[in-house]
1. Restricting segment 398-423 to residues that are within 20 Å of the chain's Cα centre (by Cα) and crowded, with 21+ Cβ neighbours inside 10 Å, which is nearest to residue 359 (Cα to Cα)?
2. Can you tell me which residues in segment 196-229 are over 16 Å from residue 411 (Cβ atoms) and either under 18 Å from the mean Cα position of the chain (by Cα) or part of a strand (DSSP E or B) (or both)?
3. In segment 235-258, how many residues are within 30 Å of residue 306 (Cα to Cα) and in a loop (DSSP other than H, G, I, E, B)?
4. Out of the residues in segment 136-182 that are among the hydrophobic types (A, V, I, L, M, F, W, C) and over 19 Å from residue 36 (Cα atoms), state the one that is surrounded by the fewest Cβ atoms within 10 Å (Cβ to Cβ).
5. Report yes if residue 289 is crowded, with 19+ Cβ neighbours inside 10 Å, without any contact (Cβ under 8 Å) to a residue 60 or more places away in the chain and part of a loop (DSSP other than H, G, I, E, B), otherwise no.
6. When only residues in segment 301-313 that are touching a residue at least 40 places away in the same chain (Cβ under 8 Å), of a type outside the set (D, E, K, R) and closer than 13 Å to residue 338 by Cα count, which is surrounded by the fewest Cβ atoms within 10 Å (Cβ to Cβ)?
7. Going through segment 38-77 one residue at a time, which ones are buried (at least 16 other Cβ atoms within 10 Å of the Cβ) and under 30 Å from residue 12 (Cβ atoms)?
8. Which of the following residues is over 25 Å from residue 369 (Cβ atoms), over 22 Å from the mean Cα position of the chain (by Cα) and modelled with pLDDT under 90: 300, 307?
Amino acid sequence: MTFPRYPRYKDSGVGWLGEVPAHWEVKRLRYVALLNPSKSEIRPLPAETPVSFIPMEALGDDGSLVLDQTRALQDVIDGYTYVREGDVVVAKITPCFENGKAAIMRGLTNEVGLGTTELTVLRPRGPVTTSTYLFRVVTSEPFRWLGESHMYGAGGQKRVPDDFLRDFSIAWPPREEQGRIAAFLDHETGKIDGLIEEQRRLIELLKEKRQAVISHAVTKGLDPNVPMKDSGVEWLGEVPAHWEVGKIRYFARLESGHTPSRNHPEYWENCTVPWFTLADVWQIRSGEVTEVCDTSEKVSELGLAHSSARVLPKGTVMLSRTASVGFSAIMGRDMATTQDFANWVCEGKLDSRYLLFCFRAMKEEFSRLMRGSTHKTIYMPDIAELMCAVPPLHEQRKIVKAIEERLSATRSLIETATNAVSLLGERRSSLISAAVTGKIDVRGWSAGAEAEAPELAMVAEESVGYSAQGGAA
């Protein structure tokens, strides 16, 4: 999609901004919007007045806003951030700010809302700007880049100071032109968002297909004509008649991990043994990784000697059972784990890779067994009762090979669709930035006479070769 530049430009006097259209005015944000308006204007309201309640999770990264909670004004007027209909809010804490969490307040109960203190409120000054255009400015890439560079604090508590917003300078077009730019961006980003959503649906369908491939293979095998029998296990259903069915611990040695006492500093000196913890679960969340070799922590031989943890051999299958429940992988080297993992050392009748796929087919079974409200856990007595169907070893290996071949094609499609989402997101951001900094002139644009963007359609459809509606092309 190409658009002309403005006929005349001038130097903005702002280093990052460069030249801007000659008729635009450079202003600090404080002269365009009121920051964090006072609650004094709502204190006269009756204490029982229902108002919208806005936690951080109510804001989407795409400007969406979920208003499904209300509170009595008296319960939230103190200790929360005040907004009213038409205000623009921006998250100020990391990583919400960098992710673009911001929204226009529309549809508030009684046109009033109170929300998380991690929001900065911007109330547009009517003669100068509108909520819609202001929202586009504060969700543009330059605003986020510069805001990130002004953050203060450490780690997950870094925040963008209000002074950055007050002093942020950009060129503002006349109010009527702002309306045209905002309408253009609403329309064009809406199309891109539609393509992104289609790709996300496709990714979910492909993941469901991946799950179905694994589940069918480890419960029904590869031969559609083989005689079947009732397994007596709900998640397995019918299985090939010649397969064994039993508790996994009958076919592999079950081991639990452990953590040496932190009260003995000497247990944590000269640490050389890889030790898989919940901090490492990110490696296996995708369900794509088969083997893991790296750990964020190590443990010492002395610590292991004084705990219930043991060094388990390469090829051991581990399953996370606490907090992050149900993620599995094979140890690519000898290592130990914390008590948050159950581990099976496969010997004789069970192939490690086949057991791994059994675990990846047991998603619903794990959900059924989880206990606890805040931190979900599958307790070891339930782990010990887990069951699977076990074909002869040579058949297990054939099943593993067939699964890996089928998943390879699915993996490629997921990767392509994921790249398409990333590319479309980049183009969306670039379009917004170009429009609000005056790099393109959209005054002649109209929704009725728009030109299609074939390159976006190609990214979203042809390059993937698969559609959410119709399956493989």
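The values are calculated or read from the model by the stated rules, or taken from the named source; none is laboratory data. It should be emphasised that the depicted structure is a prediction, and the values quoted were computed from it without experimental measurement. Counting neighbours? That spans all protein chains shown, and the Cβs are built from the backbone with ideal geometry, glycine included.
1. Looking at residues that are within 20 Å of the chain's Cα centre (by Cα) and crowded, with 21+ Cβ neighbours inside 10 Å, I get 414.
2. 196, 197, 198, 200, 201, 228, 229
3. Selection size over segment 235-258: 3.
4. Step by step, filter segment 136-182, then rank; the result is 154.
5. Spelling it out, it is not the case that residue 289 is crowded, with 19+ Cβ neighbours inside 10 Å, without any contact (Cβ under 8 Å) to a residue 60 or more places away in the chain and part of a loop (DSSP other than H, G, I, E, B).
6. Residue satisfying both the conditions and the ranking: 308.
7. Across segment 38-77, the qualifying residues are 62, 63.
8. Answer to the check: 307.
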